[in-house]
Amino acid sequence: MQESHLFEYAVIRVVPRVEREEFLNIGVILLCAKQKFLRCRITLQPNRLNVLCATMDCDELHGYIAAFEKICAGGKEGGTIGALSIAERFRWLTATRSTIVQTSKVHPGLCHDPQEMLDRLFEEMVA
């Protein structure tokens with residue numbers, strides 16, 4: 001029988017106008033430290049985003065998302081934060097902030113396959 005592993009995840013959101021607290025789920029980030037797994041899955045759906053904010057600069061948003069993905073992946077592309085351990089990068093990315101790209105609170109769970117769980121959570125929370 002395959003062993004279950006503790007994982008943590010958060011939903012990635014776009015908050016076009018922070019003062020209104022309206023958001024659109026655009027992705028999921030998942031950490032399974034024991035498996036050395038830290039990945040995110042993000043998609044932008046401009047039509048849905050335009051419902052919340054027709055004036056959103058999608059090019060700027062793509063830049064924020066690219067930075068989020070690079071930090072998640074780690075290495076030189078992720079800059080100073082990308083050089084941190086996977087747990088530290090996860091904590092940095094999921095820290096409470098008042099910006100256009102935010103995350104939900106962190107939720108724990110158990111899984112056998114972190115990639116499968118990331119895909120399942122993405123389908124449930126975003127797609």
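Within region 1-28, no residue that is under 20 Å from GLU124 (Cα atoms) sits with its Cβ atom under 7 Å from a residue that is acidic (Asp, Glu) and assigned to a strand (DSSP E or B) at 6+ positions apart or across chains. Considering only residues that are surrounded by 15 or more Cβ atoms within 10 Å (Cβ to Cβ) and either under 14 Å from the mean Cα position of the chain (by Cα) or free of Cβ contacts under 8 Å to residues at least 40 places away in the same chain (or both), look in region 45-68 and name the one that is farthest from ALA10 (Cα to Cα). Among residues in region 45-68 that are surrounded by 15 or more Cβ atoms within 10 Å (Cβ to Cβ) and either under 14 Å from the mean Cα position of the chain (by Cα) or free of Cβ contacts under 8 Å to residues at least 40 places away in the same chain (or both), the one farthest from ALA10 (Cα to Cα) is CYS53.
Of all residues in region 3-30, count the ones that are of a type in the set (S, T, N, Q) and either surrounded by 19 or more Cβ atoms within 10 Å (Cβ to Cβ) or closer than 16 Å to SER104 by Cα (or both). Residues flagged as of a type in the set (S, T, N, Q) and either surrounded by 19 or more Cβ atoms within 10 Å (Cβ to Cβ) or closer than 16 Å to SER104 by Cα (or both) within region 3-30 amount to 1. The residue of region 92-111 that is nearest to ARG17 (Cα to Cα), among those that are more than 13 Å from the chain's Cα centre (by Cα) and part of a strand (DSSP E or B), is PRO108. Determine if region 86-98 includes at least one residue that is touching a residue at least 24 places away in the same chain (Cβ under 8 Å) and of a type in the set (Phe, Trp, Tyr). Looking through region 86-98, at least one residue is touching a residue at least 24 places away in the same chain (Cβ under 8 Å) and of a type in the set (Phe, Trp, Tyr). Tell me, please, whether a residue that is under 22 Å from LYS105 (Cα atoms), hydrophobic (A, V, I, L, M, F, W, C) and in contact (Cβ under 8 Å) with a residue 60 or more places away in the chain can be found in region 31-39. Taking every residue of region 31-39 in turn, at least one turns out to be under 22 Å from LYS105 (Cα atoms), hydrophobic (A, V, I, L, M, F, W, C) and in contact (Cβ under 8 Å) with a residue 60 or more places away in the chain.
Being surrounded by 12 or more Cβ atoms within 10 Å (Cβ to Cβ) and over 11 Å from the mean Cα position of the chain (by Cα): is that true of ILE71 here? Criteria not met by ILE71.
Laboratory data are not the source of any read-out in this text; all were calculated from the coordinates shown. In this text, all values refer to a predicted model and were calculated from it rather than measured experimentally. No Cβ is skipped: glycine too gets one built from the backbone with ideal geometry, and neighbour counts run over all protein chains shown.
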